[in-house]
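Trainee: I'd like to ask you about the structure that follows.
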Amino acid sequence: MSDTTKAIFTGDRCLSCTSCMANCPVMAAIKDYRGPKLVGPAHGRMHFSQEDIEATLEYCSNCKSCDRACPSGVAVSTLNMLKRAEYYKTHPHTKAEDMLAHGEDMGKLIRKLPFGALCANLGMDFGKALGIFNKLGLAGERNMPAYASTPFKDLYPRIKQTATGKKVVLFTGCYINQNEPQVGEAFVKVMNANGYEVLIDEQFNCCGSPLVVTGYFDEARQHADNNVARILDWKRQGIPVVTPCTSCSLMLKEEYHELFDEHDMHEAATNVYDAFEFLEILQERGQFNDNLTPTAQKYLYHVPCHLKCQAIGLPAANILEDYLGAKVQTADAGCCGISGNYGFRKDKYDISMKIGAKLFERVKQKDFDKVISDCGTCRMQIHHGSGIKPVHPIEILAQAY
Ligand code: SF4
Ligand code: SF4
């Protein structure tokens, strides 16, 4: 999509080729969903002038496979999210939607309580065992992501770094901060090895992705405005913002300006990089530190949908193969099915597992040493569906320095 095209008008470009339908994992999983062509561009063509809402819009997971498949540049998934936002102007959210959209707020609250993370983790275990999740509208079959004993933002000051002229700001996103701080630590180790000091900015909010997919549009806009102002501030200082979370990088780089269409959002996007995208740029400039311990390990790589639609290739696979000598095989099994908080809903759990089934079977073949994936919720889904726990590729690279 060009910088000047509003997402809502891209529906006019639809050729009715049905490529988006053929590539929609939800449509393949259930017959009730009428699919991206009808739900996205058909409503987009109305330019939101109609009051009616397509009833099956709720099935869209915002995986963005349709956007990648569209030959006309229709912002299909964004049209869906804009229409969903319209729906929630006149319809109440459920308790489950409220909880799933506000993970950042819950995390902050829990950290204020004595032994908050421990109590929350025990509470989630009991909640699952007693069937409370199901009653709340959450998928009782799943474990909710456990809180780490110490969030990344509290670990960060303990990390010894050498101050250098080269700096990046780490945007951890909620999941790495609250649940997998070891990914943030691995990122710092890799960047330090490449001569960069890593800063954090505690004024950043959650990127807003969980809010967008659950129809909390005004709140998502507030997050976008705050984060964009922070990114532009760093840009003025010549310091890039880098994130190891592919859904966060997609949100900051592409979804803000597609959803809200502000000039500042386009400008901020030029200062945001996915972690391995940034490392690949260093490699292209001859600035990548290749003093790494090689490995003969074989990695099965699940490429997140939200990385695929950034059109930056597979920088993690390239770096692990070219500099570590690792064998990286893409799982090539489509969407994992979880799509952020989608698979955590009770009414979407079965769809989510059906979509992920091919990937789970691939992982269960166990013809590799480790599974890797850049997305936190993809890693959760793979673990849940196959019993095998994946790691972020930055953890592999950090171990080699
Ligand atoms: S975003 Fe994903 S689930 Fe939604 S219409 Fe597009 S392909 Fe289907
Ligand atoms: S892929 Fe694009 S052009 Fe084809 S039907 Fe879907 S939205 Fe229309």
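Trainee: Go through 299, 216 and list them by solvent-accessible area, largest first, probe radius 1.4 Å. Don't skip to the answer; put the middle values down first.
Mentor: On the way: 299 5, 216 30 Å².
From most exposed to least exposed: 216, 299.
Trainee: Evaluate the Kirkwood expression for the hydrodynamic radius of the range 291-400, namely the inverse of the mean inverse distance over all pairs of different C-alpha atoms, and round to one decimal in Å.
Mentor: That comes to 14.2 Å for the range 291-400.
Trainee: Given an 8 Å cut-off on Cα distances and at least 6 residues of separation, report the relative contact order of the range 152-282 as a percent.
Mentor: Values: 176 pairs, mean separation 33.2, N = 131.
That works out to 25 percent.
Trainee: Still on this model: Based on the Cβ-Cβ distance from residue 263 to residue 108, what FRET efficiency comes out when R0 is 35 Å, to the nearest 0.05?
Mentor: Numbers: r = 31 Å, r/R0 = 0.89.
Calculated value: 0.65.
Trainee: Sticking with this one: Filter the GluC sites (Glu not before Pro) in the range 241-288 to those in DSSP coil with at most 15 other Cβ atoms within 10 Å of their Cβ, and list the result. The partial results should precede the final answer.
Mentor: On the way: sites: 254, 255, 258, 262, 267, 277, 280, 284; in loops: 262.
Here the GluC sites (Glu not before Pro) that fit, given the DSSP loop and packing criteria, are 262.
Trainee: Pick from 322, 67, 225: which is most flexible by mean-square fluctuation in a GNM of the chain where alpha carbon atoms under 10 Å apart are linked?
Mentor: Result for the chain, Cα springs under 10 Å: 322 fluctuates most.
Trainee: Follow-up question, since we're still on this one. Nearest 0.05, what FRET efficiency do residue 201 and residue 88 give at R0 = 35 Å with Cβ-Cβ as r? All intermediate terms of the calculation are to be shown ahead of the outcome.
Mentor: Numbers: r = 30 Å, r/R0 = 0.85.
Taking R0 as 35 Å, the efficiency between residue 201 and residue 88 is 0.75.
Trainee: Here is a follow-up. Stretch residue 347-residue 160 to full length: gain in nm at 0.36 nm per residue minus the Cα-Cα span? Walk me through the numbers before you get to the answer.
Mentor: Values: separation 187, 0.36 × 187 = 67.32 nm, distance 4.58 nm.
Between residue 347 and residue 160, full extension yields 62.7 nm more.
Trainee: Compute the whole-percent fraction of alpha carbon pairs in the chain spaced more than 29 Å apart. Display every interim value, and only then the final one.
Mentor: Working: 34264 of 80200 pairs.
Summing the P(r) tail past 29 Å for the chain gives 43 percent.
Trainee: Once every Cα of the range 95-136 carries one equal point scatterer and solvent is ignored, give the base-10 log of I(q)/I(0) from the Debye formula at q = 0.17, 0.31 Å⁻¹, two decimals.
Mentor: Summing over Cα pairs of the range 95-136 leads to -0.51, -1.05.
Trainee: Can you list the HN-Hα couplings for the range 193-204, worked out from phi with the Karplus curve (6.51, -1.76, 1.60; θ = phi - 60°), rounded to whole Hz and with x for Gly and Pro?
Mentor: 5, 9, x, 9, 8, 9, 9, 10, 10, 6, 7, 5
Trainee: Another question about this same structure. Distance in nm between label sites at residue 193 and residue 126, each 7 Å beyond Cα in the beta-carbon direction?
Mentor: 4.3
Trainee: Counting only heavy atoms of the protein chains, get the accessible area per residue of the range 73-226 (1.4 Å probe) and round it to a whole Å² value.
Mentor: Values: 7110 Å² over 154 residues.
Computed with neighbouring chains in place, this is 46 Å² per residue.
Trainee: Please compare each pair in 108/364; 308/354; 128/364; 153/348; 89/389 to a cut-off of 29 Å on the Cα-Cα distance and tell me which ones are over it.
Mentor: On the way: 108/364 36 Å; 308/354 21 Å; 128/364 25 Å; 153/348 32 Å; 89/389 39 Å.
Violating the 29 Å limit, Cα to Cα: 108/364; 153/348; 89/389.
Trainee: So for the pair residue 298, residue 115, with labels modelled 7 Å out along Cα→Cβ, what separation do we get in nm?
Mentor: Modelled inter-label distance: 4.6 nm.
Trainee: Here's another thing I want to ask about it. Where is the GNM fluctuation largest for the chain (alpha-carbon springs, 10 angstrom cutoff): 163, 117, 268?
Mentor: 163
Trainee: Right, something else. What distance in nm lies between label points placed 7 Å from Cα along the C-beta direction at residue 233 and residue 34?
Mentor: 4.5
Trainee: Give the whole-number value, in cubic angstrom per residue, of the convex hull volume spanned by the C-alpha atoms of the range 118-163. Write out the running numbers ahead of the final one.
Mentor: Values: hull volume 4.1 nm³, N = 46.
Given the Cα convex hull of the range 118-163, per-residue volume reads 88 Å³.
Trainee: How big is the equivalent ellipsoid of the range 7-90 along its three axes, where each semi-axis is √(5λ) from the Cα gyration tensor, reported in whole Å from largest to smallest? Write down the numbers at each step before the final one.
Mentor: Details: eigenvalues 63, 48, 20 Å².
Rounded to whole Å, the semi-axes are 18, 15, 10.
Trainee: Leaving out ligands, DNA and RNA but keeping every protein chain, what accessible area does residue 153 have, in Å² rounded to the nearest 10, with a 1.4 Å probe?
Mentor: 80
Trainee: Over its Cα atoms, what ratio of radius of gyration to 2.2 N^0.38 Å does the range 352-392 give? Present the calculation step by step, with values, prior to reporting the outcome.
Mentor: Working: Rg = 9.3 Å, N = 41, 2.2 N^0.38 = 9.0 Å.
Against the empirical 2.2 N^0.38 Å value, I get 1.03 for the range 352-392.
Trainee: While we're here: What is the set of long-range amide H partners of residue 330 at a cut-off below 5 Å, with H atoms built 1.01 Å from backbone N?
Mentor: Excluding prolines and chain starts, which carry no amide H, the hits are 301.
Trainee: Sticking with this one: Quick one: net charge of residue 24's neighbours, Cβ under 12 Å, K/R +1, D/E -1?
Mentor: Working: positive: 34, 37, 64, 68; negative: 67.
Net local charge, residue 24 excluded: +3.
The values are calculated or read from the model by the stated rules, or taken from the named source; none is laboratory data. Keep in mind that what you see is a predicted model, and the values were worked out from it rather than measured. Glycine gets a Cβ as well: all are built from the backbone with ideal geometry, and neighbour counts include every protein chain shown. In case anyone asks, the SASA skips ligands and DNA or RNA and just uses the protein heavy atoms, side chains included. Shrake-Rupley method; radii C 1.70, N 1.55, O 1.52, S 1.80 Å.
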